[in-house]
1. Residue by residue through segment 1-31, note down the ones that are more than 14 Å from residue 64 (Cα to Cα) and among the hydrophobic types (A, V, I, L, M, F, W, C).
2. Give me the pairs: first residue in segment 1-30 and in contact (Cβ under 8 Å) with a residue 40 or more places away in the chain, second residue hydroxyl-bearing (Ser, Thr, Tyr), beta-carbon distance under 9 Å, and six or more apart or on different chains, which are they?
3. Starting from segment 62-73, take each residue that is in contact (Cβ under 8 Å) with a residue 12 or more places away in the chain and list its partners that are among the aromatic types (Phe, Trp, Tyr) and within 16 Å of ligand 1 (Cβ to nearest atom), counting only C-beta distances under 6 angstrom and pairs at least six apart or across chains.
4. Of the residues that make up segment 74-86, is at least one more than 16 Å from ligand 1 (Cβ to nearest atom), surrounded by 13 or more Cβ atoms within 10 Å (Cβ to Cβ) and not aromatic (Phe, Trp, Tyr)?
5. Quick one: in segment 56-73, which of the residues that are among the small types (Gly, Ala, Ser) and in contact with an Asp or Glu (Cβ under 9 Å, 6 or more places away or on another chain) is surrounded by the fewest Cβ atoms within 10 Å (Cβ to Cβ)?
6. How do the strands (runs of 3 or more DSSP E) wholly within the chain filter down when requiring 2 or more residues that are away from ligand 3 (no atom under 11 Å from the Cβ): which remain?
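No value in this document is a laboratory result; all are computed from the given coordinates. Worth saying up front: this structure is predicted, and the values here are computed from it rather than measured. FYI the Cβ positions are ideal-geometry reconstructions off the backbone, even for glycines, and counts take in every protein chain you see.
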Amino acid sequence: MNTTCTHLDQIKTHGKRTEGCEECEALGQGWVHLRLCLTCGHVGCCDDSEGKHATAHFKASNHALMKSIEPGESWGWCFVDKVMFQRL
Ligand SMILES: [Zn+2]
Ligand SMILES: [Zn+2]
Ligand SMILES: [Zn+2]
C-alpha cells in the first residue's frame, strides 16, 4: 500500500462550485457530509450518504483529491493512493 500521494499537482482550487451536493440538489435528495473536489470544485456527498456522489465524481472524472468541507474539518483524501491528509 502506498503511503505517499503523487497527485498534489492536481490541486487547482479550494473554491466550491455549489453550496450543497451538486447531484443531490438536482435530484432533490439529502446527504450526510460534503466533500470538495480539489481539481474542479465539484461538491459531492460522502459514502455515508445515499448518493455517494463524491466517489461517483472521482470514478467519472479521475479527480483524485478531495477534502472535507464540514465545519471544523480540514482533512483530505486521495482516492487513488488511499492516503489521508490531516490538512489539505
Ligand atoms: Zn494521490
Ligand atoms: Zn450527493
Ligand atoms: Zn473534480
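1. 1, 21, 24, 26, 27, 31
2. Correct list of pairs: 7/39; 10/39; 11/39.
3. So the pair list comes out as 64/79; 66/77; 68/75.
4. no
5. Within segment 56-73, the match that is surrounded by the fewest Cβ atoms within 10 Å (Cβ to Cβ) is 56.
6. 65-68, 76-78, 83-85
This table checks each residue for (1) farther than 17 Å from residue 13 by Cα; (2) out of contact with any Ser or Thr (no Cβ under 8 Å at 6 or more places or on another chain).
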{"residue": "30", "(1), (2)": "yes, no"}
{"residue": "33", "(1), (2)": "yes, no"}
{"residue": "39", "(1), (2)": "no, no"}
{"residue": "48", "(1), (2)": "yes, yes"}
{"residue": "52", "(1), (2)": "yes, yes"}
{"residue": "57", "(1), (2)": "no, yes"}
{"residue": "62", "(1), (2)": "no, yes"}
{"residue": "65", "(1), (2)": "no, no"}
{"residue": "71", "(1), (2)": "yes, yes"}
